[in-house]
1. Of the listed pairs Lys39/Lys145; Lys99/Lys208; Lys86/Lys182; Lys99/Lys211; Lys86/Lys211, which have alpha-carbon separations greater than 31 Å here?
2. Cut-off is 10 Å between beta-carbons; in what order do Val154, Val170 appear when sorted fewest neighbours first?
3. Out of Lys88, Lys39, Lys99, any idea which swings most in a Gaussian network model of the chain, alpha carbons joined below 10 Å?
4. Distance in nm between label sites at Arg35 and Asp87, each 7 Å beyond Cα in the beta-carbon direction?
5. Return Phe167, Phe7 ranked ascending by Cβ neighbour count within 10 Å, so the fewest neighbours appear first.
6. For Pro47, what is the net charge nearby, where nearby means another residue's Cβ is under 12 Å from its Cβ and Lys, Arg count +1, Asp, Glu -1?
7. On a full-extension model of 0.36 nm per residue, what is the gain between Asn171 and Phe18, subtracting their alpha-carbon distance, rounded to one decimal in nm?
8. Taking 0.36 nm per intervening residue step and subtracting the Cα-Cα distance, what contour gain separates His27 from Ala188 on full extension?
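A short reminder: the numbers here are calculations on the coordinates, not readings from a lab. Small disclaimer: the values here were computed from a predicted structure and weren't measured. Here the Cβ is made from the backbone with ideal geometry for all residues, glycine too, and neighbour counts use every protein chain on show.
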Amino acid sequence: MKPIVIFGIGQAAEVAHFYFTHDTNRHIAAFCVDRDYVKEAEFCGLPLIPFEEIQQSYPPSEYDLFIAVGYTALNEVRTIKYRHAKDKGYHLASYVSSKATVWPGLQVGENCLILEDNTVQPFVRLGNNLTLWSGNHIGHHSVIKDNCFVTSHVVISGGVVIHENCFLGVNATLRDHIVIAKQNIIAAGSLILKNTIENGVYAGQPAKLIKMSNEVAHI
């Protein structure tokens, strides 16, 4: 397994470093971030270098990357950095906690962070660049597509499809066999009982469309 360079110097990067270090056999070699944000020579005791120069010191033939960025602007910042890393030729590492409940045949894409106490039932498919924070239930035959962020204690029932660049808040519940459209924000504690529309922000029990996500610059 190749060593990993982590993109980021915030709390998400610290969390990724912790889990990869304590719960995998992957070695973290360094951190990187855009040149304008490099203010120190190290982060977490490891070298910190400009992302623009990463190929010279840590070439993609010898290192993997992990993009440790949160859900700012409906995951768009993380999505852009993921694409830039792919353009540079890097494979993006994923982490699945040893304390998550998963089953043989689980499909997990690149740059995924799946933390402890997630229950991922059989026949689930997980796309690229996803974060599943701790304590979620992902029901059988569900699909979560690229660039989504699922917080904690979210219940996704069986056969649900969640499209790209969605954010699901704490304690949200999705009934079975519904479709969550692209760029949705599902507010904390919401109960989703039917299909949603693109760019929708939903809240309540049962949830209703309250605004459009393209009106929300940051969440």
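1. Pairs exceeding the cut-off: Lys39/Lys145; Lys99/Lys208; Lys99/Lys211; Lys86/Lys211.
2. By the 10 Å Cβ count, ascending, the order reads Val170, Val154.
3. Lys39
4. Label-label distance for Arg35 and Asp87, simple model: 1.5 nm.
5. Arranged by neighbour count, lowest to highest, Phe167, Phe7 become Phe167, Phe7.
6. -3
7. 52.6 nm is the gain from fully extending Asn171 to Phe18.
8. 54.4 nm
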